[in-house]
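These notes concern the structure reproduced below.
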4 protein chains.
Amino acid sequence: MAVSRFAYVKSFEQPDPLLPNTYIIVRVDGHAFHRLSQEHQFTKPNDERALQLMDHAAKDVMNEFQDVILAFGESDEYSFLFRRSATVHKRRHAKILSIVTSVFTSSYVFNWPKYLSETPLKYAPTFDARVVLYPSSQEVRDYFSWRQADTHVNNLYNTAFWALVQQGGETTVQAHQTLKGTMSKEKNEILYSRFEINYNKLPDRHRKGSILVREQIASAQGHNKPSTEIVLLHCDIIKDDFWQARPYLLQ
Amino acid sequence: MAVSRFAYVKSFEQPDPLLPNTYIIVRVDGHAFHRLSQEHQFTKPNDERALQLMDHAAKDVMNEFQDVILAFGESDEYSFLFRRSATVHKRRHAKILSIVTSVFTSSYVFNWPKYLSETPLKYAPTFDARVVLYPSSQEVRDYFSWRQADTHVNNLYNTAFWALVQQGGETTVQAHQTLKGTMSKEKNEILYSRFEINYNKLPDRHRKGSILVREQIASAQGHNKPSTEIVLLHCDIIKDDFWQARPYLLQ
Amino acid sequence: MAVSRFAYVKSFEQPDPLLPNTYIIVRVDGHAFHRLSQEHQFTKPNDERALQLMDHAAKDVMNEFQDVILAFGESDEYSFLFRRSATVHKRRHAKILSIVTSVFTSSYVFNWPKYLSETPLKYAPTFDARVVLYPSSQEVRDYFSWRQADTHVNNLYNTAFWALVQQGGETTVQAHQTLKGTMSKEKNEILYSRFEINYNKLPDRHRKGSILVREQIASAQGHNKPSTEIVLLHCDIIKDDFWQARPYLLQ
Amino acid sequence: MAVSRFAYVKSFEQPDPLLPNTYIIVRVDGHAFHRLSQEHQFTKPNDERALQLMDHAAKDVMNEFQDVILAFGESDEYSFLFRRSATVHKRRHAKILSIVTSVFTSSYVFNWPKYLSETPLKYAPTFDARVVLYPSSQEVRDYFSWRQADTHVNNLYNTAFWALVQQGGETTVQAHQTLKGTMSKEKNEILYSRFEINYNKLPDRHRKGSILVREQIASAQGHNKPSTEIVLLHCDIIKDDFWQARPYLLQ
């Protein structure tokens, strides 16, 4: 049985290198996580255990890809930033996309029992993912601002929504109605006046999302390549401070 | 915090529809499975449990995508054929690639204990994947012939190799040396004369790989759309018989 | 001055092979030809000389690319069909697209005086172009049917429109009004009853467009590769006859 | 004849937007210009008239595309830089590539008699073209340095080569042999000692190539958008001066 006779089919594989020297962002998104969170009774509005599991899976992606220097997660999504000089897997699109997806998914399932030990996984959870290229550092900053602003908007809404339902006794339909058209200020007011919740004192993780950053550690001897470690933060990444303290992120 | 100010970054997402009316094949491959099989003591040359687990994961991909009508697996790889008329996820490349990868990976990790209960998973196994398009049915047939011919060549080699090592007392270096440059006929001869192994009587699964096919079942009432079920086979798919019996596969 | 220091910029050129074994169609379109036809007083509704010039330019594209076996032209556009097995320029997208565009444009300008000798070209006319891939022969047939049906619809409209203006004394605004919402039958009726024009007896070139086909000529000795010649036709290519007489077109 | 029945073929046209906010460079190259220059007796090593014709065609491309702010030409090639913010034709790849190619080709043929009036064009000359994207300004500078360094290397070689043939009485084979392995310094030395040619005093156009730049002109009223004009230069673009004087080029 000659393999060679059929091997011409390999020539249909198209080359797919990503444009050199652009920032690569891969965003992983939970696929049908509304159902997953219901079937496994995730705490609302935020399930601390599930968020920690997301962070764990993201850290595994960063351990697989040394070129990922920053990641941002909220809810059931995570974004990974590859340094612009990355040449891993010859920057082949399908290779990078599929491995990030697989590492994230595998870690999520594998580590589930560590974080949700009392809630056995009922079925295999899945994610989808996409690759986006950014030519300049400004766009990368704006990308992460976009995701963190989204985190804020969603979390404020969800916090108010579930307060109305869980503490205010409203139905979900009523709660949506109550919040319809409200501005941030009004949601803050509802939380404070009706439920004595000071939104700004809620956990940073819920309000800011999770930032995983590959920090450079000054080595003892100045001439060595700096070693790095992955650090989990829940801080503001919209303002300049975070980036100014880490100029190597956007080099 | 205005999400809208940053939302322009979304415009960098490039459209990626796959050419309409072409056959889509997604091939999933084990990533660093040499190490995985060693760390978890997979039986050589074939680990029945690990192969069954692969089949399970592949079946889950077919349950996720009704357009996958045929799949072929061997060792740590699986290929999925989408019908040419498929419009799932608007044929978006990244969507299809990432979900297939994620479903396969997730199912593999989730179902591991069902098949390798006595060998707990030590770490999260991963896969990579790629998409290839084929414009005509002949190429699709040749693609699957290519993979099955590869299965045969690899399995014959591995069967002889491990017989030399496990039963013949050769080191792995010696076994490679013994087989170097041998033709199929000679490997068969080594197996038969030295180890009384009749290669052609070995399990079909090992020699032919796994075929998952979405079979059409005639419905009771002739006018209904036929219902389907996914069937696992280990038969020849290089010759015409398999395809002639299932004309709907290449329609 | 070291060229080599800067040569890395070449690595930003992305590979762009067209999917193998698909039919390649390149369609060239006049860019701003409304103005061109006005400034050079093209005869309405059809300028025989300008159409012949288009055919000439198209023939030059076929002389450049032996793989182009069929071309169809109407008005200021021309479509070129490459045989599916074509490997010219390694099927590189930009190479094929730019050369077809350039040959067509260059021939159009170069040969203008041969066809419109009494109307010197006032400025450089231009075209744009695109590449479309088709996986199966049915789509190729439908593509050419699409263009020829378009020719018919446009030509019938334009013939009626200019008859109303040139012979009926209507303004262009009135003529558009007269034809608004009319079916083919009514346009035929207007032409016949008011202007004694039998649409079906008008020149085939105007009603059917131009077909350039690379015909196979039986060679004297049966064993030789058949030689070919490019033939200009103005016949129906929607029905089966044209294709059945030339099975090699869609092989 | 229903156009609509066939219109589905249009759905096979794939979207092809170029990544936003990257610098677009389109390079046009003479196709088989070795033959063209021979058949039309171009002066060697440089034909002033043919170079001026190239500049004319390039200027027409810049008149068509307001987003082209810089162009560089040498021999039978020309490179065009689109500002990174360009959104012309929605940045569609085929549209931009084909129109640049067509405008350049058309202008070259149309304007030929203005520059080579005594040498009628014998046949239609053609070009090919490609698009390359650059994410950062450094790469754009290096791209143009690459082309100008190439101009220098080629022109020095050609000048020495044709001096040896035209004035030194060598055959072309001998001249190639004489120059084989020589460094720039040695070629300069051959020119000076044997032919009294001071290479550095040769025309800038030949040594530096042609730069077409869209210069900003300060308007009378300070608040208006600056108007621009296209200026032809033959200066160094490798060093910083050219770019520092025109910061708007790489903005």
Next item on the list: Considering only residues that are more than 7 Å from every other protein chain (Cβ to nearest Cβ) and assigned to a helix (DSSP H, G or I), look in region C:121-149 and name the one that is farthest from D:SER11 (Cα to Cα).
Entry: C:GLN148
Check: Does A:GLU118 meet the test of being acidic (Asp, Glu) and surrounded by 18 or more Cβ atoms within 10 Å (Cβ to Cβ)?
Finding: no
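For region A:1-33, which residues satisfy the criterion of being of a type in the set (Val, Ile, Thr) and under 34 Å from the mean Cα position of the chain (by Cα)?
A:THR22, A:ILE24, A:ILE25, A:VAL26, A:VAL28
In this structure, does C:PHE161 turn out to be surrounded by 14 or more Cβ atoms within 10 Å (Cβ to Cβ) and either touching a Leu at 6+ places or on another chain (Cβ under 7 Å) or among the acidic types (Asp, Glu) (or both)?
Criteria met by C:PHE161.
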Checklist line | In region D:215-241, the residues that are at pLDDT 95 or above and touching a Phe, Trp or Tyr at 6+ places or on another chain (Cβ under 9 Å) | finding: D:LEU233, D:CYS235, D:ASP236, D:ILE237, D:ILE238
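Check A:SER193, A:SER145 and return the single one that is under 26 Å from the mean Cα position of the chain (by Cα) and more than 15 Å from A:ASN46 (Cα to Cα).
Details: A:SER193 fails: under 26 Å from the mean Cα position of the chain (by Cα).
Residue meeting the stated conditions: A:SER145.
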Notebook entry, point to check: How do the helices (runs of 4 or more DSSP H) wholly within region B:1-70 filter down when requiring 1 or more residues that are away from chain A (no Cβ under 12 Å): which remain?
Noted result: B:33-39, B:48-64
Margin query: Condition (residue is part of a helix (DSSP H, G or I), under 30 Å from C:ARG92 (Cβ atoms) and within 10 Å of another protein chain (Cβ to nearest Cβ)) applied to region A:75-93: is it met by at least one residue?
Written below: yes
Margin query: Testing C:PRO125 on (1) crowded, with 17+ Cβ neighbours inside 10 Å; (2) more than 30 Å from D:THR105 (Cα to Cα); (3) over 15 Å from the mean Cα position of the chain (by Cα), one condition comes back false. Which one is that?
Written below: (2)
Margin query: I'm checking my understanding of the structure. Among residues of region B:101-120 that are out of contact with any Asp or Glu (no Cβ under 8 Å at 6 or more places or on another chain) and hydrophobic (A, V, I, L, M, F, W, C), which one is farthest from the other protein chains (Cβ to nearest Cβ)?
Written below: B:LEU116
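Among the residues of region B:148-190, what is the count of those that are among the small types (Gly, Ala, Ser) and either over 21 Å from B:ASP47 (Cα atoms) or modelled with pLDDT under 95 (or both)?
Within region B:148-190, residues that are among the small types (Gly, Ala, Ser) and either over 21 Å from B:ASP47 (Cα atoms) or modelled with pLDDT under 95 (or both) number 2.
Conditions (1) buried (at least 20 other Cβ atoms within 10 Å of the Cβ); (2) out of contact with any strand residue (DSSP E or B) (no Cβ under 8 Å at 6 or more places or on another chain), marked per residue:
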{"position": "C:PHE6", "(1), (2)": "yes, yes"}
{"position": "C:LYS10", "(1), (2)": "no, yes"}
{"position": "C:GLU13", "(1), (2)": "no, no"}
{"position": "C:TYR23", "(1), (2)": "yes, no"}
{"position": "C:SER37", "(1), (2)": "no, yes"}
{"position": "C:GLN52", "(1), (2)": "no, yes"}
{"position": "C:HIS56", "(1), (2)": "no, yes"}
Note to self: Please go through region D:25-35 and give me each residue that is surrounded by 14 or more Cβ atoms within 10 Å (Cβ to Cβ) and farther than 19 Å from D:LYS95 by Cβ, ordered by number.
What the structure shows: D:ASP29, D:GLY30, D:HIS31, D:PHE33
Notebook entry, point to check: Can you name the condition, by its number, that B:ALA129 falls short on among (1) out of contact with any helix residue (DSSP H, G or I) (no Cβ under 9 Å at 6 or more places or on another chain); (2) within 30 Å of A:LYS122 (Cβ to Cβ)?
Noted result: (1)
Item checked: Within region D:137-176, considering residues that are in contact (Cβ under 8 Å) with a residue 60 or more places away in the chain and of a type in the set (Ser, Thr, Tyr), the one nearest to D:TYR248 (Cα to Cα) -> D:SER137
Margin query: Condition check: closer than 25 Å to B:GLU48 by Cβ and crowded, with 16+ Cβ neighbours inside 10 Å. Does B:ALA149 satisfy that?
Written below: yes
Note to self: If a residue counts only when it is surrounded by 13 or more Cβ atoms within 10 Å (Cβ to Cβ) and among the small types (Gly, Ala, Ser), which helices (runs of 4 or more DSSP H) contained entirely in region B:167-217 have at least 1 such residues?
What the structure shows: B:172-179, B:184-195
Checklist line | Single unsatisfied condition, A:ILE238 versus (1) under 22 Å from the mean Cα position of the chain (by Cα); (2) not in a loop (DSSP other than H, G, I, E, B) | finding: (2)
Item checked: Considering residues of region B:39-50 that are more than 16 Å from the chain's Cα centre (by Cα) and in contact (Cβ under 8 Å) with a residue 24 or more places away in the chain only, the residue surrounded by the fewest Cβ atoms within 10 Å (Cβ to Cβ) -> B:GLN41
Next item on the list: Answer yes if at least one residue in region C:61-72 is buried (at least 17 other Cβ atoms within 10 Å of the Cβ), within 21 Å of D:ARG130 (Cα to Cα) and not β-branched (Val, Ile, Thr), and no otherwise.
Entry: yes
Margin query: I need a count of the residues in region B:4-30 that are in contact (Cβ under 8 Å) with a residue 60 or more places away in the chain and of a type in the set (Gly, Ala, Ser).
Written below: 1
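The values are calculated or read from the model by the stated rules, or taken from the named source; none is laboratory data. Because the structure is a prediction, the values reported are computed rather than measured. Note that we place each Cβ from the backbone using ideal geometry, even for glycine, and neighbour counts take in every protein chain shown.
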